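Data block below; observations after.
Each value in this text was obtained by applying a stated rule to the coordinates, not by laboratory testing. No experiment lies behind these values; they were computed from the predicted model shown. Here the Cβ positions follow ideal geometry from the backbone for every residue, glycine too, while neighbour counts run over all protein chains shown.
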Amino acid sequence: MNWKSGKISSFGGPLDDPGERLESLAFTTIYPYTGREPEWIGKFVNWFRGHFLPGTAPATLKKSYPSYKLQAYLNPASLYFATRQTGPSSTNTMWDQNNPWVTLTLPRTGKSVTLQRVTYGPAEHTGREWDVSPQAMAILDAKVDEIVTARDATAAEIKAAQNYIASLAGIATPEAAPTVKIPSTPATQGVFSTGISIAAWVLVALAGILLWKGKKS
């Protein structure tokens, strides 16, 4: 596909903007997933599971914030993107592991990252072509509204990204995952007003958020 260059920002996860946490994911709304997000996430037993909060975090999030939709359940440490360039169309009837991949490059840093599409967006009025995971922003060392270039990901790049995503889900893979920037200290901001500590995903699912938030501010 002839992907367009364009401005970039980030989205997804339980620390996303409050309004974004109430958004579902494109191509899932015609299925009865609303209110059953942890159940739907649990049906994936391959590397694709790593796109979502790990372990029991989805169930805990659902209990604490029942109004949150699938976008809030995305794992900020995963490698995903949204763009208007891939839909919607009659062929996009299900959002799953068969969705397309893209490799984005930030010319300012020369850094690249390979991502899988997870939804349709960002809103046209933002002037952006790409929304990506907080981890992708950290890997690119990108600032909001910087312009990235895009191309189809190679088979090797897709395999490496799948291996990394699988590692987030606790699925062993023979190949090494790509190097990812991890903050030296975990984020202290939480979304669980009940005070529940979920160290397993604070250290992994929020990887890169401190770095990215520092650049956004």
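Excluding TRP3 itself, calculate the net charge of residues whose Cβ lies under 15 Å from the Cβ of TRP3, where each Lys or Arg counts +1 and each Asp or Glu counts -1. Can you show the working numbers first?
Values: positive: LYS4, LYS7, ARG84, ARG117, ARG128, ARG151; negative: GLU129, ASP131, ASP152, GLU157.
Once positives and negatives cancel, what remains is +2.
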Least to most buried among GLU124, GLU129, GLU157, GLU39 (fewest other Cβ within 10 Å first): GLU124, GLU39, GLU157, GLU129
Taking HIS125, HIS51 and counting other C-beta atoms within 10 Å, the order from fewest to most: HIS125, HIS51
Note, ³J(HN,Hα) from phi for segment 120-125, Karplus 6.51, -1.76, 1.60, rounded to Hz, x at Gly and Pro: 9, x, x, 4, 4, 5
Cut-off 14 Å between beta-carbons: net charge of the residues surrounding ARG36, Lys and Arg +1, Asp and Glu -1: +2
Karplus-derived 3J(HN,Hα), 6.51/-1.76/1.60, for each residue of segment 40-49, Hz, glycine and proline x: 5, 4, x, 6, 8, 10, 10, 4, 4, 4
